[in-house]
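To keep things clear, I will list the structure first and then write my remarks on it.
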Amino acid sequence: KDIQAQTILQLGNTITRGLGAGANPDIGRQSALEDRDRIADVLTGADMVFITAGMGGGTGTGGAPIVAEIAKELGILTVAVVTRPFKIEGRKRTVVAEEGILELRDKVDSLITIPNDRLLEVLGSKITMKSAYKEADNVLLGAVQGIADLMIRPGIMNVDFADVRTVMSEMGMAMMGSGSAIGENRAREAAEKAVRSPLLDNVNLSGARGILVNIITGSEEAGCQELTLGEYSEVGEIVQEIASDEATVVIGTAVDDKLGDEMRVTVVAAGLGEGTPAVRPAKVVDNARRADAREVREPRESRDMRESHGAAGLVSREATDPRPRVEVERPKRPAPALNPADADME
């Protein structure tokens with residue numbers, strides 16, 4: 001009764017009999033597989049899917065990768081926003097969460113992780129457990145809402161779904177930060193808060209291969225302090241400081257009169273920590289001149305690499321898999337002569 005959702009789908013009714021997964025990812029996985037067809041029916045027709053879960057338990061850790069797998073099979077842009085458990089929840093739960101995150105990363109376009117322990121640093125140790133978990137949920141909501149706002153809020157230089165797909169499709173690990181400020185230096189302060197958000201995981205944003213920026217201010221018609229060209233440039237300069245030369249950067253603006261004279265900057269950085277650069281230098285898409293449809297449509301290099309390598313993302317297992325590589329020694333045989341016409345590119 002407390003869940004205000006258009007569709008509620010109970011997973012694995014014959015397995016769990018209406019109960020939870022008992023902190024067992026295998027039960028969560030089996031439950032999702034049992035209702036695979038029903039999940040596909042719910043997802044069919046969607047352009048973009050957000051998967052939110054608390055990693056370390058059973059349903060989220062085991063079920064989320066199955067949902068992501070189904071969404072990807074349907075050709076849906078899939079973004080997961082998940083939390084890492086508090087350390088006080090035990091080492092076993094932490095290990096289970098990390099294993100689940102690794103599995104989920106290979107099945108989504110972009111994965112945003114939010115460490116719950118950062119809430120202690122931000123909110124202080126005196127916060128109640130109930131409030132702490134509520135804040136963790138609010139961070140999940142804020143991440144999803146922040147990305148959605150990029151597309152649905154009107155603006156002179158709005159970011160649309162094609163821009164989001166360009167930045168987040170087949171990108172792997174991602175992070176999102178948001179900052180607000182008011183006053184003479186609001187642009188710099190809001191942008192710096194966004195790229196240095198204390199709730200973000202410890203990552204180097206300079207390795208991002210795709211960066212999505214949205215600047216939201218009120219309108220002059222509503223008596224608010226409207227975005228100036230100088231402020232727009234200042235936000236762009238701060239973002240460029242953390243962006244690599246090969247990154248695709250999409251910057252847009254939107255209007256929300258409820259902000260008054262406040263400015264809010266949201267930054268989504270995708271393709272983090274990947275050793276593989278883009279196939280060709282990516283362009284900066286400045287929505288001030290509204291690039292043509294060919295520039296904002298999803299990049300061909302991500303689709304080409306997916307088709308040629310048969311992987312869910314651009315990242316090779318060798319680049320990201322922490323497990324040691326096992327070399328198998330085989331008997332040496334004389335190499336057969338190859339006809340150049342019969343040789344395939346690997």
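General remarks:
- Residue match in segment 93-104 (condition: among the small types (Gly, Ala, Ser) and at pLDDT below 90): no
- Boolean, residue 238 is in a strand (DSSP E or B) and either closer than 30 Å to residue 111 by Cβ or over 20 Å from the mean Cα position of the chain (by Cα) (or both): no
- From the list 155, 142, the lone residue that is assigned to a loop (DSSP other than H, G, I, E, B), among the small types (Gly, Ala, Ser) and touching a strand residue (DSSP E or B) at 6+ places or on another chain (Cβ under 8 Å) is 155.
- Residue tally, condition farther than 14 Å from residue 168 by Cβ and touching a Ser or Thr at 6+ places or on another chain (Cβ under 6 Å), over segment 102-123: 2
- Hits in segment 101-117 - residues which are crowded, with 19+ Cβ neighbours inside 10 Å, in contact with a Lys or Arg (Cβ under 9 Å, 6 or more places away or on another chain), within 18 Å of residue 176 (Cα to Cα) and charged (D, E, K, R): 109
- Among the conditions (1) aliphatic (A, V, I, L, M); (2) over 28 Å from residue 4 (Cβ atoms); (3) at pLDDT 90 or above; (4) assigned to a strand (DSSP E or B), the only one that residue 173 does not satisfy is (3).
- Near pairs, Cβ below 8 angstrom, 6+ apart or cross-chain, from segment 128-141 (under 23 Å from residue 80 (Cα atoms)) to any residue that is modelled with pLDDT under 80: 132/119; 132/120; 135/119; 136/119; 139/119; 139/199
- The residues listed here are 211, 147, 215; of these, the one that is closer than 23 Å to residue 271 by Cα, β-branched (Val, Ile, Thr) and assigned to a helix (DSSP H, G or I) is 147.
- Elements of type helices (runs of 4 or more DSSP H) contained in segment 1-100, each with 2 or more residues being crowded, with 16+ Cβ neighbours inside 10 Å and under 19 Å from the mean Cα position of the chain (by Cα): 64-73
- Test: residue in segment 174-196 that is surrounded by fewer than 20 Cβ atoms within 10 Å (Cβ to Cβ) and at positive phi: yes
- Of all residues in segment 234-253, at least one satisfies being at pLDDT 95 or above, out of contact with any strand residue (DSSP E or B) (no Cβ under 6 Å at 6 or more places or on another chain) and either at negative phi or of a type in the set (Phe, Trp, Tyr) (or both).
- Long-range neighbours under 7 Å by Cβ, at least six apart or interchain, first residue acidic (Asp, Glu) within segment 79-90, second in a loop (DSSP other than H, G, I, E, B): 89/56
The values are calculated or read from the model by the stated rules, or taken from the named source; none is laboratory data. Note that this is a predicted model, so its numbers are computed, not measured. Neighbour counts run over all protein chains shown; Cβ positions are idealised from the backbone, glycine included.
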